[in-house]
1. Those residues that are open to solvent by 20 Å² or more (accessible area, probe 1.4 Å) and either in contact with a Lys or Arg (Cβ under 9 Å, 6 or more places away or on another chain) or part of a strand (DSSP E or B) (or both), I need them from the range B:72-82; list them, please.
2. Could you check the range A:235-277 and list, in sequence order, the residues that are free of Cβ contacts under 8 Å to residues at least 12 places away in the same chain and acidic (D, E)?
3. Is one or more of the residues making up the range B:19-27 in contact (Cβ under 8 Å) with a residue 40 or more places away in the chain and either within 30 Å of A:V255 (Cα to Cα) or open to solvent by less than 50 Å² (accessible area, probe 1.4 Å) (or both)?
4. Scanning for something within 30 Å of A:S286 (Cβ to Cβ), away from chain B (no Cβ under 11 Å) and at pLDDT below 95, does the range A:13-30 turn up at least one residue?
5. Please determine whether any residue of the range B:59-71 is open to solvent by 40 Å² or more (accessible area, probe 1.4 Å), part of a helix (DSSP H, G or I) and out of contact with any helix residue (DSSP H, G or I) (no Cβ under 7 Å at 6 or more places or on another chain).
6. Take the residues in the range A:176-227 that are modelled with pLDDT under 85 and touching a Lys or Arg at 6+ places or on another chain (Cβ under 6 Å); name whichever of them is most open to solvent (accessible area, probe 1.4 Å).
7. Do we have any residue at all in the range B:300-311 that's more than 27 Å from A:V237 (Cα to Cα) and among the aromatic types (F, W, Y)?
8. Exactly one condition in (1) open to solvent by 10 Å² or more (accessible area, probe 1.4 Å); (2) on the phi < 0 side of the Ramachandran plot; (3) under 16 Å from the mean Cα position of the chain (by Cα) is not met by A:S286; state its number.
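The values are calculated or read from the model by the stated rules, or taken from the named source; none is laboratory data. The structure presented is a predicted model; accordingly, all values stated were derived computationally and were not measured. Counting neighbours? That spans all protein chains shown, and the Cβs are built from the backbone with ideal geometry, glycine included. Remember, those area values only see protein heavy atoms, side chains included, never the ligands or the DNA or RNA. Shrake-Rupley method; radii C 1.70, N 1.55, O 1.52, S 1.80 Å.
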Number of protein chains: 2
Amino acid sequence: MRKLLTGIAFAVLLPSSATAADTPRPVTPNDIVAAAPASDWVRIAPSDLLVMDLAADAKGGPRRVVIQLMPAPFSQGWVENIRKLVAARWYDGIAVVRVQDNYVVQWGDPDGEVPGKAKPLPKRLKVVPETAYIQRNHPKIGKYVWDNMGQRLAAREVTVTAFDRLNPPPDYGDPYWKTFGFVDGMPVAVALGGQPPSSGPIEISPQAAWPLHCYGMVGVGRNRSPDTGTGAELYAVIGTPPRQLDRNIGLVGRVIAGIENLSSLPRGTGNLGFYETAAERTPIVSVRMGDEVPGLPAYEYLSTDSASFAAYADKRANRKDDFYIQPAGGVDICNVPVPVRTVK
Amino acid sequence: MRKLLTGIAFAVLLPSSATAADTPRPVTPNDIVAAAPASDWVRIAPSDLLVMDLAADAKGGPRRVVIQLMPAPFSQGWVENIRKLVAARWYDGIAVVRVQDNYVVQWGDPDGEVPGKAKPLPKRLKVVPETAYIQRNHPKIGKYVWDNMGQRLAAREVTVTAFDRLNPPPDYGDPYWKTFGFVDGMPVAVALGGQPPSSGPIEISPQAAWPLHCYGMVGVGRNRSPDTGTGAELYAVIGTPPRQLDRNIGLVGRVIAGIENLSSLPRGTGNLGFYETAAERTPIVSVRMGDEVPGLPAYEYLSTDSASFAAYADKRANRKDDFYIQPAGGVDICNVPVPVRTVK
């Protein structure tokens, strides 16, 4: 299972046996995840996984990165292109070309912009319009409920589970947008069609939603506007969430396993973290859809519509276990990583 | 100079010559930094720098990390301990013991918790109280001015430059605290003694302030409360800002050079990202104060009280150069990295 964040402890943390025996250990976010019933976990269809195998590391060890593709209705034009690129084996033999610290790892055709040398793209890739950065008026992001405290959107009856009001003081929030939550395991912002009521639950139809640049999210490299990229050049976030890119670039998924094989690569010393020599690049041996990979484990994520996830997010916002003396009382949506596990 | 974040571009970005010749390039945050007058840069005293040399990398290349210690009034008990530990050469020969992806790199005595094997600490290290996580009622964080738009705190006349109101909609903000800014180059939250006025500038005396867990910030590993750590075990943030640690742990500085020598280390496979074998650890050859290191370049940061910094932060919140089609209209304080440069 994916490692969740926990407190800073010494290498060997040995609580006294008296403490361990006498005091029940306070509940942590990990405890909630571990106790979630099987029905709160969602199996990801292997056909919605990208399995990217990098060249072996210096010691010959395998380096696999598994990416969950963005579910509909978001970014589907680029996702369709990516499926075509995989089917054409186009990604096989390209490379990681850029690693910029506290920003992104990017992979693509090193000669993609060199006339006469660029690897030809498959035919009939879509040209995705800039309007696709934002998904408007789709039933999936249609209706949800603001509870009568104005503090949180109800989780049970809705598709979008939003956390903008997890923060008790009413003037806290997110610096980038007012309302946000999760759709099918992906962090999104939501533009509401109305304002929260002063009392009583009401239904609100959001006008639009868009995915967010949290750690591990995968996006589509592009040239200057109006270019939107094809999906042949991709990047993963490996630092402070670059939320200024939201609504400016297509997000097509998130890394659910093996992010360390990208985030621990040597940083490029060229402009924007590009590698300056071919030798520095990490070759990509192959990219396959999950259902093409024999022996791939089954991946599940904790349903972001589940009560377990709501409790987990709430606990992330209000840590009061034995390491924390001051609960934050709030949490950034990008600091609520969606738990993922493998199952046999 | 430290690399600042920029848009996602292809490996070779070649705008057409017509565009380059005919249209003035829009101003970017980097442009503002590059144009800042010399008077807006603050020289960091070498005696306030920690210079940590890791063992050479696999190719024999040097790996140096430079840390600016937290300026007064914050965290000075731990900072004094760190100065004593350097003077005693205590850090020489310890190691990086933990690298947890999207969280922290941690270094210390691998045997620190093993009875009979722990490296003895220098005498007379301070036991810092938990109250030191928050700095209360100090003149340096004493008074500043809320401008008459209620949008931003004025930068020129004040010590704390706050950005909580950079976000135009009044109900945006930070998930962790309502008001925040920078003190002497460090990101801090501020607990105000009053509320912003509806109109007209007024002075507000904050009651307290504390530094924030942004990328690259350095903190003090500790055991469970009421332990606060000595400074012998330190960590640096290498992922999503773990702001839930604010007010729960001492922050003693930030990495201003060489963060990639920490953030690109292999992740540990043990619990919490600890290395499972001694061979995986990266030895720390030496830690010295900057004024002990011959040939160290002079480091400067862009004064967080300067007009240049205010313009830079504003531009970070409102990117509208040729890559961005939709300015965010806001920015997380941890997404406003303080620019650093070296000078001869």
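1. Residues of the range B:72-82 open to solvent by 20 Å² or more (accessible area, probe 1.4 Å): B:72, B:76, B:80.
Selection gives B:A72, B:E80.
2. Answer for the range A:235-277, where residues must be free of Cβ contacts under 8 Å to residues at least 12 places away in the same chain and acidic (D, E): A:E260, A:E276.
3. Looking for residues that are in contact (Cβ under 8 Å) with a residue 40 or more places away in the chain and either within 30 Å of A:V255 (Cα to Cα) or open to solvent by less than 50 Å² (accessible area, probe 1.4 Å) (or both), one finds at least one in the range B:19-27, hence yes.
4. Looking only at the range A:13-30, we keep the residues that are within 30 Å of A:S286 (Cβ to Cβ), and these are none.
Within the range A:13-30, not a single residue is within 30 Å of A:S286 (Cβ to Cβ), away from chain B (no Cβ under 11 Å) and at pLDDT below 95.
5. no
6. A:E203
7. The answer is no, given that none of the residues of the range B:300-311 is more than 27 Å from A:V237 (Cα to Cα) and among the aromatic types (F, W, Y).
8. (3)
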